[in-house]
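The values are calculated or read from the model by the stated rules, or taken from the named source; none is laboratory data. Worth saying up front: this structure is predicted, and the values here are computed from it rather than measured. Please note: Cβ atoms are built from the backbone with ideal geometry, for glycine as well, and neighbour counts cover all protein chains shown.
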Amino acid sequence: MILTLRGTALIDTMRAFIVSYQIQQIQSRVVVYDAEFGALPGDDPAAARRFALPNPVSIMGGADVSFTSDGQINGFLSDSLSPNSEQYMAWRHLRAAGLLDGDPKLAGASAAPENPFGGIYGFDEGNLGQKAGSLCLTKVPGRAAEIIDKRLDDGVINKGRVVATSKYDPVVAHNHFDAPDSAPYDYEKQYIVCAPLLP
């Protein structure tokens, strides 16, 4: 039992180090895309024509709504009704531009890359109180979430640039919450961890 726990802790620690690096890489590729094309991925008005992809639209009240060109990646972390909304199209644009591996034809939630913990990486217009856009990952074990926070920020769950919540609701709340948890990281829980969209 002790060996199993130590092995799990070691795996979570290794994965946390990998994720910390991957978060920085994704952030930097968003910066490169913006510098090259003059718009954020997902919010790029010329991307549909340039890459032969659908226009980014969200479905709201049964109608297609476009927020393109407003300078942010709109949409919540999870949105099964809007497969071509900006938070998903951002991944397609990054892939079509050659900045990320993967198939730019993947749409909706399948466009979001898997993270080493079996959850996803996802964009959000501003999750857990972050105002300028978020890069989040889901299903992160508590120990790993704390390590990621310490490596990229201050290790405090509700302060600084990296914040987290153990809430999880991909259907009604769309995994988008107003604020992070206030209680410290709990190694028995899983978390959504969010960093700023840009480094």
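Here is how the numbers come out for the structure above:
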| quantity | calculated |
| --- | --- |
| The one condition in (1) buried (at least 22 other Cβ atoms within 10 Å of the Cβ); (2) closer than 11 Å to Val193 by Cβ; (3) under 14 Å from the mean Cα position of the chain (by Cα) that Gly133 fails to fulfil | (2) |
| In the stretch 161-176, the residues that are assigned to a loop (DSSP other than H, G, I, E, B) and within 12 Å of Asn127 (Cβ to Cβ) | Val162, Lys167, Ala173, His174, Asn175, His176 |
| Given (1) within 23 Å of Ile11 (Cα to Cα); (2) small (Gly, Ala, Ser); (3) surrounded by fewer than 17 Cβ atoms within 10 Å (Cβ to Cβ), index of the condition Gly98 fails | (1) |
| Sole exception among (1) under 22 Å from Ile73 (Cβ atoms); (2) crowded, with 24+ Cβ neighbours inside 10 Å; (3) touching a helix residue (DSSP H, G or I) at 6+ places or on another chain (Cβ under 8 Å) for Asn127, by number | (3) |
| Residue, farthest from Gln72 (Cα to Cα), within the stretch 188-199, restricted to residues that are surrounded by 13 or more Cβ atoms within 10 Å (Cβ to Cβ) and over 12 Å from the mean Cα position of the chain (by Cα) | Lys189 |
| Identity of the residue in the stretch 19-41, touching a Leu at 6+ places or on another chain (Cβ under 9 Å) and assigned to a loop (DSSP other than H, G, I, E, B), that ends up nearest to Lys139 (Cα to Cα) | Pro41 |
| Criterion: among the charged types (D, E, K, R), more than 16 Å from the chain's Cα centre (by Cα) and part of a loop (DSSP other than H, G, I, E, B) - qualifying residue of Asp79, Asp44, Asp12 | Asp44 |
| Filtered residues of the stretch 180-199 (kept if under 10 Å from Leu128 (Cβ atoms) and assigned to a loop (DSSP other than H, G, I, E, B)) | Pro180, Asp181 |
| Looking only at the stretch 58-96, and only at residues there that are acidic (Asp, Glu) and at pLDDT 95 or above, the one that is farthest from Ile192 (Cα to Cα) | Asp70 |
| Enumeration of residues in the stretch 47-70 that are outside any loop (DSSP other than H, G, I, E, B) and surrounded by 19 or more Cβ atoms within 10 Å (Cβ to Cβ) | Ala47, Ser58 |
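Conditions (1) within 30 Å of Gly62 (Cβ to Cβ); (2) in a helix (DSSP H, G or I), marked per residue:
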residue: Gln72; (1), (2): yes, no
residue: Gly118; (1), (2): no, no
residue: Lys150; (1), (2): no, yes
residue: Val156; (1), (2): no, no
residue: Lys159; (1), (2): no, no
residue: Asp178; (1), (2): yes, no
